[in-house]
Structure formats: C-alpha cells, structure tokens
Amino acid sequence: MTKPKIAFNWASSCGGCEIAIFELGAKIIDLANKVDIVFWPAVMDYKYSDLEAMPEKGIDVSFFNGAIQNSENEHLAQLLRAKSKLLVAFGSCAYLGGIPSLANTSNRDQIFANSYIETSTTENPEKIFPQIKVQKDEGELTIPEFYNTVKTLDQVVDVDYYVPGCPPVGEQVSKVISQFVGGELPPIGAVLGASEKSLCHECKRVRTDKKITKIVRSYQTIPDHQKCLLEQGIICMGPATRGGCGSICLDANMPCRGCYGPLPKAIDQGAKMLSALSSIFDADSEEDIQRLADSVPDPLGTFYRFGLAHSLLRRTKQ
Amino acid sequence: MEKTFEPKIVGFLCKWCSYAGADLAGTSRMKYPPNLNAMRVNCSGRIDPSFVLRALASGADGVLIAGCHPGDCHYTNGNVKTLRRFRLLQRMLDQFGIERERVRLEWISASEGERYARVVRGMTEEIRSLGPLNWKTTMEVAA
Amino acid sequence: MKRVGLFVCHCGLNIARTVDIKDIVEKTSKRSDIVFAADHKYLCSEPGQALIKDSIRQHKLDAIVVAACSPAMHEATFKTIAQLSGLNKYNCEIANIREQSSWVHDDPQKATEKAHIIVSEAIEKVKLNEPLQPITVPVTRKVLIIGGGIAGIRASLDVANAGYQVYLVEKSGSIGGRMAQLSETFPTLDCAICILGPLMVEVYRHPNIKLLRLSQVEEVRGYIGNFKVKVRQEPEYVDVAKCNACGECAKVCPADVPNEFDFGLTWRKAIYTPFAQAVPPAYVLDAKNCLGLLPQACGECKKACDQLGTACMNLDAWPQTHELEVGAIIVATGYELYDATKLTEYGYGTCPDVMTSIEFERMLSASGPTLGEIRRPSDGRVPREIVFIQCAGQREPETALPYCSKICCMYTARHAMMFREKVPEGQAYVFYMDIRAGGKGYEEFVKRCQEERGLLYLRGRVAKVYEENGKLIVKGVDTISGKRVQINADLVVLAVGMIPSAGSKELASTLKASLDANGFFSEAHPKLRPLESPTAGIYLAGAGQAPKDIPETVAQASGAAAKALDLLSSPTLEREPTVAQVLETCSGCGICIPLCPYEALTLNANTNQAEVSEALCEGCGTCVASCPSSSLSLRNLTDQQILAMIEAIVA
Amino acid sequence: MQSYLYFPGCTLRTVAKDYDASAKACARALGFELKEMQGWLCCGAVLSNVEDNLMTRAGPNRILARAQQESDRLVTLCAGCYNVLKRTDLRAKLASPAQQSINTFNEDSYNGRVDVVHFLEILRDQVGFDAIEKAVKAPLKGVRVGAYYGCLLLRPFEEMKFDDPNRPSILENLLMRLGCTPIDYPARTDCCGSYLSVGSSENSQPMSATIVKSAHSCGARLLTVGCPLCKYNLESSQIPRAKNASAEKFLPVVYFTQLLGLALGLRPEELELDMQQMQAIREAQIPTSEGRDRH
C-alpha cells in the first residue's frame, strides 16, 4: 500500500511551529517511515513549481503554519488547498492570526515607516521602500505584496482542522499526527490537540476567592506558586483559553497568555476574558471601577495577544 | 438629493427598568427616531461584551446598554457588574478606534420614559453626525 | 426545525394606524422558518384567542410569536393560550410593536420597518427556546408587615384572623401612626383615636401577631415564599410585659424633650409614653435624650420603678436582632409631610404664626398642646382672621411637589369649619386651586362647611406671606374676581403635601422593591396590580405607595392582606424555570461564584465544576455574561439566541 | 489683567449708559476688565423665551454661538439679557428637536457650552466679597439703601439658580461690605410691573409704587437695582411726586455698580452719577449724632 503523502508549510510565523514538529524527537524517524513527506520548505529544498506540478488533491494532509500577511502566504495557501485532501491550520498563527496579527493594530504604511525609517538602527536617507515590481537589466524582479491586514488561514481558504498553540506542545503534535496516520478523525472543522475545557481545568493552583483589588504585572512580583494567579491580581488568560498545553507557563510561574485560543462555545476569547476579569473587580463606586479599569495595561494587546485576526473585530479602525 | 444616513443602533434594555421606561415612552406617545432596536434582557448584567463587539462587527453603527440606576438593580447589583465591564470595554474600544459616542451605557428607570426618548434621540443624532461605522469594510482593507 | 406561527394584532387602530399589518403578515409568511401567519383586530379578545388556538391545532404549530403590545401587558395571556393549545408556554414569544413602534413613530413606513425587525427578533428567539417546566418551591406561611399605622394594623389583623403568623415591625415606640395624631376624621367627624384605639388593642392581644416596636428591617434575603429577614430592635430598656404605665419614671426624669407627637408644641421627658393610648401600653426610654446610659448618668427612672416594685426597667439592655422567616412582606410605611421651611414664600419657620396643617390638627385635638383651643404660637392670643393655604408646595413640578396629596381639600374644609366652631366671631379664608372632593359624602361635606360656616373660599394662589407689625400679610390673587387680594391675618395654616416617610429609599433597596419618581413605592401595575410591588412576594398598603385617605388606606391594606393570604394559601409555589445552567465544559475557574447576589452558585469540589441551585437562582444572567469559557447558559436567553437577535436587528 | 467676555445689550448702550460705565469702572478698580464680545446683537428681550416660536430664539443662540468663539464664560449686566441668555444656554444643553432646528437655521450651531453669569456672580465668586471689602476706600457708612432685585435675576428659580427668589441676599451682602445699611422691606421681591409700563402703565405704576412705598416705610432712603427696566419703572412710578420734589419723599434709584464704585473711591463722573443722585446718597446716610459736616 502507498504511504500517506504529507506536506508542511511555513507562512507568516516565527518558525516555532517547525521546531514543534522536531519536538517529536526520535518519533520523527518512524513518522518518516509511515508517511511520505512531499513538501517541507523549512527542511528541504522544494520549488513551488514542484508543488504546482502535483496533481489536485495529490497530498493527503498539509500542515500549514503561520498567518497570511502577504501575497506569497496567500498563494501558498491556495496552492496547498488545491493539492491537499485535508488542510490543517497548524499553530496559533494559522488558526488565530497569532502574534503577527497584532500588526492589525497598525497598517502597511505605519509598519514600513517604522521598519524602514523610524527604527534607530535604520539608515535610509533616500527613503527606499520595498517595491512589488522593479525593472532591472536582468528583467523584472518581483517580491510578494505586503498586506494591510493579517488574516488567519481560514479567512483565505477552507480549513479542515485546527491545531492551536504557540507553538503546539510536543506530545499534542505527535497525537495529532498519529490521528492522521491511520487514526480516528473527528468531524471536519474540529480543533485537534487541545482540550474542550479551559486551562483552569488542568491548572494545579489553588482557587479561593475571585476578587481583584489591584492589577499586578508579572514582572512586578514573584507570584505565590500555589495560588491562582488571577486572584493575585495577575492577568492570566487561562479561564478563557483552551487547555491541552499542560499548563507549562503556569508551572513556570508565568500567567497564561492565551495561545491555545478560545473555548469551543466562546464567541470571542478577548471579550470573554475582558468580561470575566472586569466582573470580579473588587470595586462598586464609579471612581474605583474606573481606577481599576484604567490599571489594565493595553487591554487589546492583552486580551487578543494571539487572536486578533480571529477575533470579532479583527483589526483596528484606520 | 442624497439620502441622509440612518444609523442602526442595537439596544439592550433591562426588562425591569429601561424596557419598562421605553414602554412608558410609548404609552405616553413620546416620539423618537426609529433607529434603535431594543432587545429585552433580564438584567444589564446579562450583557456580555462579546454581544457589543458582535453587533458592531455585523454592521451596527452603535450600541446602547441601559440598566437600572445604581442601587436600584432588581438583582441587587447586576448593573454594577455591567459598569465594571463597560469601563474596561470602553478602553479597549478606544484602542480599536471606535468612538465613545457609539457605545453607551445609560441608567434609565421604569419611570423615565422621557429620558429614554431623549437618550435615543441624542444617540441617533450623535451617531448620524459621526457617520456610518461599517466595520465589515474596515476588516476587509486587506491589500 | 420548529413549526413557528406568527399572529399580528391591530389593537384596534393603536398598531394598525402606523404599522402596515398586511405587509408584516405577507412578508413574514414568506420566511422559510414561518409556517403560518395571520392578523386580528384584537388578539387579546376571545375571538382573537380562538384564532390562535385553532391555528396552532390546524397548522400543528409548535411555537408562536404574537406581535402586539408590550409583554408587560399580555405576555401571560398569550402564554396561557399557547399552553391551553398544547404548546409549552415557553414556545410563545411577544413582539412589542405597539409601545416600541406604532406609538412612538409617526412615519408609517419607518414604523413598519421597525416592526418587521421586532418581529424577526422574536422569531429568532422562539426558534431556540426550549420547553420548560416551572420549578416548585416551598412557602413559609408567615407574613412580615412593616409599619404600624392604620394600614399595617388593618393588614396584620386580616392576616392574623385568617390564622397565619404575623410579625408587625414598628419604628417608633407605639403603633397607631399618623391616624393617632388626628383629632377628627372627615367626612363624619369621628374622633380618630376613638376608632383607632380598639384596633390597636386588638393587635396587641392577638395570639397570631408578634409586635416588634422600636424596630427596623435591616436585611432581606431570599425570594417570594422564602424571605429571610433580619430585624434590628433598639434596646428595650422597659420590659413591655411588666410595665403598667404608672408613669412614676417620667415624674422623676430630669430631661425635657420637645414632643414629636405634638411637633414640638409640647414637652415630654426622656422616658415617656408616646401618647395616652399608646400600644404596647409601656413607657419608652429615648436613649438619645437620656442624660446618659453608657455610662449611666442618672438612673432616677429605674430607682423610682424599682421602689414601686414594678422593676420593669433594665438600663443595660442591648439592641437585639430578630431573624425571621416569612413568605410574604407587606410594606405599610406611610407618609411624612413636606418640609414647609422650603416654601420660603410662605414664611414658615421665620413667622411663628405660620403653621402646617398637621400642627394645626394637633392644636385642634382635645389631647393636644392647647387641649383643643386655637391659639397663636407667638403670643397665645386667639386668632380672629385665619388663612388656609391649600396645595402649599404641591402641584408645583418645578419648585416643590409635582403631585396632589388628595386629602388636603377635605381636611382644610374640616379645619376651617372647626375654627369657626371654636372661634365663632373669627373669619376663615381658604386659598384653593380647585376643590377635589371625590369620595363618598365628601362633596356634601365641603359644601356644608362652606355654607353653614360661612367660610371664604378664594380661588387662587398666595404669592407671599410676611409679618408686618404683629399681623401676617397674605398677598394672593383671587382668580375669579381677577383681583389681587391682601389679607391681614393672625394665623396662616399651610396644607403641605404628603411625602414618603424617611427611610423609604433605604428600605426599598433592602427589599429590592422599586420606588417611583416621587419616592413612593411603585406598584406592579397602576391599574391591574395596585397592591403588589414589582418584586414578587412584596405587597403595598397605605400612603407609602401614594397619598391617600384613611378609607382608601384601609381598603388597600385589606387588599394587600388578601394578596398575601392568596400566596400563603398553598404550601408550595411555582418559580420561573428560566435560570442559569452549567455546561459540561465548565472548568471550575470560579469567576462566577462571587458574582451571584443570591449565593445560588457554588463550586463542587469533586467535579471541580460550578453548580447552580435552581431554587435560589433568579435568572439575571450576570454569571453567564462573565463566564470566560461560556460554560454557563441562561435558559431561553442563551448567547446563541441573543446573537441571533442581534443579527435580526442589523440584518 | 484678568479679563471676562462681556455682553452689554441694547439698553446699556442707550438709557443705561451709566450702568455700563460704572460696571466697567468698578471692574478696572478691582483689577479686571470687561472685554466686549465681538458682533453682539439684541438678545430679543423676554420674547426670546417663548416656547412656541423658535424664530425668537434664533437671536440669543446666535449670540452664544459667537461668544463661544471667544470664551466659555459670558458676563452680563442687564438682568433681562442675563435671564434670556442663561436660559437660552440651558435650553441648548438638552439636545431637543427644537434646538436641532434652531442650529440648522443659524450659521453656527450652539449646544450649550458658554457659562452665562451675572456681574454680581463675578464679584461674589471670582473677585470675592472679602477682597472687595479690602478694596473699599470710601465706605458708604450708614447709607440706608433698599436693594431691589426684580424678577429677571431670580426667576424662574429652577433655571436661574441665582439666589433664593423669596429671600435673596446677594445684594445685601455686597452692600454691607461697602458699609451700607441694607434695609429689609416686604416688597423687595415683588414685581415692578416689567413691560406692562410700555403698554398699560396704569397697571404697572401701582405695582412699582408699592415697592417704593414699602421700602420707604421700612426706612430706606435710596433704592439700588441691577436691572434697567426695574430702575425705569421704580423711577417713573415716582415722577408725579418727583415733580413737587420734597426730597425725602422721593426715593432715588441707582445701580449697585454705582454704589460699589463710590465705595471703591471712584469719582462720581466716572460712574455717571449726577449731582441730584450724589445729594440723595449723602442724604440717605443715617445722621450721625454730631450731625453732618457744616462746610
């Protein structure tokens, strides 16, 4: 029998998701035996032409990580969609927009101005910006077009499964992959490699009374290892975030940042966390409430750190 | 002669006070613009910020949350929780670039029909002068 | 997929005038999710209800939307019809296209557009409603009555006579309230205390009534049928059971205090009996004005009491808190009078001979400061010219009270008449806006006073009252002759308005009962439910709800009692099942736990999930909105339903 | 120098020049200036507050719309203008449909951003009566003056919120600081007849007459006002008696700003006080035991 054909691709992301696959460690050998990896630019030299050459639906499953921030990302997404039976949004960037989608609080011009002019280390007197096309004697050179708004994978093509995490944790990755290799698959659209309950379910910290009298940032204190961080005034996205990661950040005494994304029934991860957090403000008077609300640093960035592109509003108004 | 922009406003009214207040405005035949459509909820405390974002994302130009005056909540202090959420939500909406006039929290009691009418009038006018929000296109400015 | 039917009401022309009913029916019936749509002139009428019944059967509907007036009006009616037609009543939704469309918009097209949205909101909601059965809870068959005036007294006796336990909570040292202060009552001129006294005694002797004087409601928890009430009782320095009201204690008391029962026109001691007929018939020690209890400064009263052997006094008494469990609460907190010093134009507070009607009432009373004689507070002379100013600070929305206190026309007539009786050579002028004498024998009474006693009624308001060499100059206008008039009077009596008694606001928030714009307790419905507060299980009696006279108060008190008895008549009652529920995805983060005002949410240590007590949950949904994992849901107002309605609005 | 935006109004340009001049003089003496606003026009007098005719309200709205370009506070002297402008501002604050249509009619719309105050309020709240007392150079010892407020300063109370309409005290408080002996008299809050004096003076005359009589019988020898119309009525009601001028029967009327000016040591001509008035003010003094100066 023929081995299932698998592809990995890397769009707008940090590469962490690629590393996550290597977290399989030795397992990657038997993976290699079980499957036939037909495309993996981060690891081996493939040409897009190879991919274009493949038959429609020739690939059994493609794991796509990274958000869609430029025309190349989008082109690859469409290409892989066409060539794959199953397309998996792998990691928080592909699934939720991830850190790159924080660019949606800005726009192309601001970002370019920042990276090609304003940064103190930049020396660019002629104010040269990347051009999509340039005519040179050798011919026309093109580079992908940079988008104003970062999108999730499923905002540009249909996606069959989602794997959250920034990056997805090792054992979840191997679970997921084995699900595809002769394993049972849930109905299309499911989120794989994560729990249906919030992180609090697997968090070992003790919960007593949910009341917030003061917002504390993790660098301002050494939190009590035993107690719920939220109850210590540290904004922990755990309650509004899928579990499955094994609460590794919390074990490191750091609050959850929400990379595993919204819970199955939640309408909007950020809004949900905002609601939960503010509801337990220990304040009743106008002034006290205002004071506590004002003390929450950068609400948008805090509540949508990994999910702005996937959120209800997706980006800020220009 | 180009047609004036008619704001679409979603209203969440507490059924114990503001919704009754709106009814009173009706019973006393007060007139106000039809731009706000009300939804009857048990308590302003039922309002999840997600609802506000959803309304704006799906095309509303404004959202009104109306509850009982502080201290008068039928459920003791549901409205206080509403206020807590609203204050933080306001800050986040600022970051999203959504004008404060578009999302309002008002205390309207069952006996304040006139106030309800005034709030709807005021909000409609303010938002009309702000112009449409149409968030759908905002989200689509891809390239 | 539910089979939904729509019924649109014309409400005569109330809706049909502005909303295009035909258009609603036609467009809506084209919807894929609507099986049947019809309209009727009056859906609440018998034929209208029949139409709904038949169509439900005929078209096998399993959910209906009724587009009509506000749910506050007929939701119950239509839900009942739905139920009678075999639907679960939660499969019926009301679209309020009258109060919130046809009545508030003139432009038919816009009103119709809005009505369309309102209707589709309701359709979206009903599609996702789940059939529910009411939750039944036990009823504590006891009643708490707040206020020992005539209203509280009447209500207590009615409930107690029906065989149920009553707790009667009275703020002051004696029951009796305002009525005990009145000399006579209109229109029959009965002596007020003579008809009130027997009832007060009956309350005191009644086996089913526990009377708590010097007490105030401090905390109310729970819900209809199951209230848990904390009542704080000020220290009972005098043992009510032992005291025989001999009065020896008062004889030796060195502290003199203005007597509030006579509005400071007389004096009392720091240990005193509020008035001769006080119930309980025991003395009261007014700790504020006592020379000192902690540490004891004087103690003469106790010495006197002990010498007599009555030994009913304990100067080391402490306040007590009574924890009561009751099924129903009747609020009979009564009224006070508007502060006349705010009416600067009338000179009350600066001119001693300008007094309020209730002060005058005390002066008329045989047991009052002047033993029934009418005298000027300034110099004790018998006034010759007396001016009564009606509507003093009333019916003045901008500056004072916007409303009419209803009883002033009557008692002013009585006052003027009694003045003429006691001072035959005197002259009484009454400034009035109009005479409001609606009531059995009222009009006749006023006429009699005017004609037989030759009272001078001047229609118009008084501009100002000021003192000029010993006389009160009353400047006003007689709108009938169209002339400005000036009267040099000896005494001026202001008919000031009734206001809710002090503490109503605090009590209202303790009870979670709402107040109206004027601070009176608001009723569930001005016409159809005047005896109930909007908060279930709390009933209203007397002037605490609105100004009214004694007959009305007594009637309302008996009515409220009947309402309470109706509730107590069965050992259980049904509660709305639209409560919060915890979904399996709950991870026990605990955010919701502190948010519930009813302690209906608890964290189950074993399952590590939250739990809702359906008996306690009032269904406000605050916890649902705050649940970060959306693992709480409010029955029949779920997130999905609200989102669907939002889409219906912005679509 | 601290300066306040100032709305004079028509009357202060015609019959009440003395009010305008004396106020400005006092302001300078107290270390601030009244800066006349650009392009002011008639406030429309009491007509402007009628509910049923929006046209009459366009004017005052236009004034405030212009004022808001210059300042967020506007000082008035004429009680009439004060009343009209203050209430116009209040109406503008409640975004009523009426206001909408006025705004669409006027070139600049006005939504109630200007705080309309009376000169007296500046004296009390900004300068402060204590400071004024310190600044007094020539105290008006024992001048028996009856303050007359008139209706427009005080009523409707719920809108003007200027002083207690039945027991006003701001003028008396000021006069006391100037050394005067304010006289309390029953009619001090009666109506002077207002515009009735234009059409049917037979009705307004007796009204003002009672005020003058009441003040006189309580010992006032001088009346002071803050409203040109009141001044006119109170004076004209006395004209018959003024003719056969038996001086002590005649109660002259001056603006409070003129008394203030004198106390601050300003010269009568700066305050546009004529001989007759100065004479009256001197005569209004309670004769001291050793009698008045003989030279």
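Residues in the stretch C:538-582 that are among the β-branched types (Val, Ile, Thr) and within 19 Å of residue C:176 (Cβ to Cβ): C:550, C:553, C:554. With respect to (1) out of contact with any strand residue (DSSP E or B) (no Cβ under 9 Å at 6 or more places or on another chain); (2) hydrophobic (A, V, I, L, M, F, W, C); (3) at pLDDT 95 or above; (4) over 23 Å from residue C:650 (Cβ atoms), the lone exception for residue B:110 is condition (3). Look at the stretch C:110-125: where a residue is facing chain B (nearest Cβ under 7 Å) and a partner is among the acidic types (Asp, Glu), sitting 6+ places away or on another chain with Cβ atoms under 9 Å, you get C:110/B:6; C:111/C:20; C:121/C:93.
Can you tell me which residue is nearest to the other protein chains (Cβ to nearest Cβ) among those in the stretch A:144-198 that are assigned to a helix (DSSP H, G or I) and aliphatic (A, V, I, L, M)? Only one residue fits best here, namely A:153.
Filtered by the rule that a residue be within 14 Å of chain D (Cβ to nearest Cβ) and over 33 Å from the mean Cα position of the chain (by Cα), the stretch C:454-469 gives C:463, C:464, C:465, C:466, C:467, C:468, C:469. Scanning the stretch C:518-557 for residues that are more than 14 Å from chain B (Cβ to nearest Cβ) and free of Cβ contacts under 8 Å to residues at least 24 places away in the same chain, which turns out nearest to residue C:179 (Cα to Cα)? Of everything passing the filter in the stretch C:518-557, C:552 is nearest to residue C:179 (Cα to Cα).
No other residue among C:615, C:644 is part of a helix (DSSP H, G or I) and not assigned by TED's automatic domain parsing to the domain that holds residue C:123 apart from C:644. I'd like to know if the stretch A:48-55 contains one or more residues that are within 23 Å of residue A:160 (Cα to Cα), among the charged types (D, E, K, R) and in a loop (DSSP other than H, G, I, E, B). No, that holds for no residue. Apart from one condition, residue B:45 fits all of (1) more than 13 Å from the chain's Cα centre (by Cα); (2) without any contact (Cβ under 8 Å) to a residue 24 or more places away in the chain; the exception is (2). Looking at the structure I just gave you, is residue C:284 surrounded by 17 or more Cβ atoms within 10 Å (Cβ to Cβ), modelled with pLDDT of 90 or more, closer than 28 Å to residue C:476 by Cβ and among the β-branched types (Val, Ile, Thr)? It is false that residue C:284 is surrounded by 17 or more Cβ atoms within 10 Å (Cβ to Cβ), modelled with pLDDT of 90 or more, closer than 28 Å to residue C:476 by Cβ and among the β-branched types (Val, Ile, Thr).
Filtering B:37, B:42, B:79 for residues that are more than 9 Å from every other protein chain (Cβ to nearest Cβ) and under 29 Å from residue C:525 (Cβ atoms) leaves a single hit, B:79. Residues that are at pLDDT 95 or above number at least 3 in the following helices (runs of 4 or more DSSP H) confined to the stretch A:199-304: A:269-279, A:286-294, A:299-303.
Counting just the residues of the stretch A:68-82 that are assigned to a helix (DSSP H, G or I) and among the polar types (S, T, N, Q), which one comes out nearest to the other protein chains (Cβ to nearest Cβ)? Out of the qualifying residues, it is A:71. Scanning the stretch D:149-187 for residues that are among the aromatic types (Phe, Trp, Tyr) and crowded, with 20+ Cβ neighbours inside 10 Å gives D:149, D:162, D:185. In this entry, residue C:210 is excluded by the filter for residues that are in the same structural domain as residue C:545 (by TED's automatic domain parsing), within 21 Å of the chain's Cα centre (by Cα) and part of a strand (DSSP E or B). Residues in the stretch A:105-121: is at least one in contact with a strand residue (DSSP E or B) (Cβ under 7 Å, 6 or more places away or on another chain), modelled with pLDDT of 95 or more and basic (Lys, Arg)? No. Considering only residues in the stretch D:21-50 that are under 21 Å from residue D:196 (Cβ atoms) and surrounded by fewer than 19 Cβ atoms within 10 Å (Cβ to Cβ), the one that is modelled with the highest pLDDT turns out to be D:42. Regarding residue C:127, is this residue assigned to a helix (DSSP H, G or I), in contact with a helix residue (DSSP H, G or I) (Cβ under 8 Å, 6 or more places away or on another chain) and surrounded by fewer than 22 Cβ atoms within 10 Å (Cβ to Cβ)? Criteria met by residue C:127.
Considering the stretch B:36-55 alone, what residues qualify as being of a type in the set (Val, Ile, Thr) and within 15 Å of residue C:630 (Cα to Cα)? Result: B:47, single match. Scan the stretch B:96-114 and give yes if some residue there is touching a Leu at 6+ places or on another chain (Cβ under 6 Å), within 13 Å of chain A (Cβ to nearest Cβ), of a type outside the set (D, E, K, R) and assigned to a helix (DSSP H, G or I), otherwise no. Among the residues of the stretch B:96-114, at least one is touching a Leu at 6+ places or on another chain (Cβ under 6 Å), within 13 Å of chain A (Cβ to nearest Cβ), of a type outside the set (D, E, K, R) and assigned to a helix (DSSP H, G or I), which makes the answer yes.
Residue pairs whose Cβ atoms lie under 8 Å apart, separated by 6 or more positions or on different chains, with the first residue in the stretch C:580-601 and more than 12 Å from chain A (Cβ to nearest Cβ) and surrounded by fewer than 20 Cβ atoms within 10 Å (Cβ to Cβ) and the second part of a strand (DSSP E or B) and among the polar types (S, T, N, Q), are C:581/C:633. Taken together, the residues in the stretch B:52-71 that are of a type outside the set (A, V, I, L, M), within 18 Å of residue B:40 (Cα to Cα) and more than 9 Å from chain A (Cβ to nearest Cβ) amount to 4. Restricting attention to the stretch C:566-579, the residues that are surrounded by fewer than 18 Cβ atoms within 10 Å (Cβ to Cβ) and outside any loop (DSSP other than H, G, I, E, B) add up to 3. Identify the residue in the stretch C:602-611 that is part of a strand (DSSP E or B) and out of contact with any Leu (no Cβ under 6 Å at 6 or more places or on another chain) and, among all such residues, is farthest from the other protein chains (Cβ to nearest Cβ). Within the stretch C:602-611, the match that is farthest from the other protein chains (Cβ to nearest Cβ) is C:611. Only residues that are at the interface with another protein chain (Cβ under 7 Å from one of its Cβ atoms) and surrounded by 22 or more Cβ atoms within 10 Å (Cβ to Cβ) were counted across the stretch B:17-31, and they come to 5. Scanning the stretch A:284-302 for residues that are within 7 Å of chain B (Cβ to nearest Cβ) and in contact (Cβ under 8 Å) with a residue 60 or more places away in the chain yields a count of 2. Take the conditions (1) within 12 Å of another protein chain (Cβ to nearest Cβ); (2) without any contact (Cβ under 8 Å) to a residue 12 or more places away in the chain; (3) not basic (Lys, Arg); residue C:451 misses just one of them, which is (1).
Every residue, every condition in (1) part of a helix (DSSP H, G or I); (2) out of contact with any helix residue (DSSP H, G or I) (no Cβ under 8 Å at 6 or more places or on another chain); (3) in the same structural domain as residue D:170 (by TED's automatic domain parsing); (4) surrounded by 23 or more Cβ atoms within 10 Å (Cβ to Cβ), yes or no:
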{"residue": "D:90", "(1), (2), (3), (4)": "yes, no, no, no"}
{"residue": "D:109", "(1), (2), (3), (4)": "no, no, no, no"}
{"residue": "D:113", "(1), (2), (3), (4)": "no, no, no, no"}
{"residue": "D:139", "(1), (2), (3), (4)": "no, no, yes, no"}
{"residue": "D:147", "(1), (2), (3), (4)": "no, no, yes, yes"}
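The values are calculated or read from the model by the stated rules, or taken from the named source; none is laboratory data. Only a predicted model underlies this, so the values are computations on that prediction, with no experimental measurement involved. Glycine also receives a Cβ, built like all others from the backbone with ideal geometry; neighbour counts cover every protein chain displayed.
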